[in-house]
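The structure under discussion appears below in the form of structure tokens.
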């Protein structure tokens with residue numbers, strides 16, 4: 001049976017990396033690495049060699065190639081490997097190296113093919129490092145990316161050959177960051193080829209899974225249970241109280257949806273809102289930081305804790 005490689009296509013902040021870490025690393029307890037592929041280059045150029053992705057997996061497995069060969073490699077920001085001037089029809093076409101995403105795609109294609117790969121033991125010195133042979137037959141590769149603009153390509157291909165009023169419609173979500181895809185759109189390899197990917201590489205993924213943006217209710221739950229509670233704990237440790245109104249929660253969630261940043265945007269919005277007050281107050285003053293919405297804008301107020309009672313008690317004691 002073919003390896004269950006998967007390509008997860010969904011907007012930023014929809015939980016792709018979190019889902020992989022939770023399922024494979026915490027529940028199944030498999031050697032799992034999540035790597036940002038934008039930092040890699042074709043072997044022989046400045047940047048990390050793509051094969052060192054397997055070095056990270058090997059290290060995660062305690063440098064045991066047998067254990068590592070059953071692990072999981074998540075390729076985050078996979079869509080950023082798109083080669084914008086791709087003309088190659090197959091992997092063998094073209095004999096020169098390049099430092100673009102196409103070169104890394106070819107390296108990944110070789111790794112994803114079942115076989116034995118010489119893996120460097122030293123991530124930082126892969127060229128001269130000792131190597132160990134590792135089989136990739138059972139290594140699961142998972143690509144993750146937003147693929148912004150792929151929706152427009154899919155729509156154009158669907159209406160190719162039609163003119164005038166029957167031509168490609170100007171769908172409002174064709175260029176949306178958080179576009180919704182169906183499996184039919186993602187099953188067409190030519191859409192990914194036009195986007196800038198080798199068709200053989202896309203063919204290595206046995207499943208291409210569309211993920212939808214998180215709902216407002218889910219974002220609200222993440223904001224309350226994760227982001228706000230964490231900030232409240234940090235403030236409490238400094239002798240400060242953080243009060244956030246329901247209107248603020250709704251407003252921040254609306255901003256995240258509007259900006260199409262998903263769960264990842266919740267933390268940045270709240271951080272920008274309170275960082276100045278936190279910087280001035282931590283370790284200096286004690287009091288209450290209140291967040292509210294006034295005239296459609298987020299409002300921050302800081303009330304210094306009164307020290308009168310303490311002063312009176314000290315005076316009476318004297």
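Between residue 279 and residue 26, the C-beta separation translates, for a Förster distance of 41 Å, into a calculated FRET efficiency of about 0.75.
Residue exposure proxy: 301, 106, ordered by other Cβ atoms within 10 angstrom of their Cβ from fewest to most, comes out as 301, 106. What nm distance separates the two modelled labels at residue 243 and residue 184, each placed 7 Å from Cα along Cα→Cβ? Those two pseudo-labels are separated by 5.4 nm.
Listed by Cβ neighbour count within 10 Å, with the fewest neighbours leading, 279, 302, 18 appear as 279, 18, 302. If the chain linking residue 230 and residue 122 were pulled fully straight, counting 0.36 nm for each residue of separation and taking away their Cα-Cα distance, it would gain 35.2 nm.
Highest mean packing first, where packing is the average number of other Cβ atoms within 10 Å per residue, the peptides 254-266, 71-83 line up as 71-83, 254-266. Calculated on C-alpha atoms, the gyration radius of the stretch 216-310 divided by its Kirkwood radius gives an Rg/Rh of 1.00. If both residues of a DSSP beta bridge must be in the stretch 216-310, then about 60% of such bridges are antiparallel. With a Förster radius of 22 Å applied to the beta-carbon distance between residue 301 and residue 218, the computed FRET efficiency rounds to 0.15.
Where a number appears in this text, it was derived from the coordinates with a stated rule and is not lab data. Values in this document were obtained by computation on a predicted structure and should not be read as measured data. In this analysis, Cβ positions are derived from the backbone assuming ideal geometry, glycine residues included, and neighbour counts consider all displayed protein chains.
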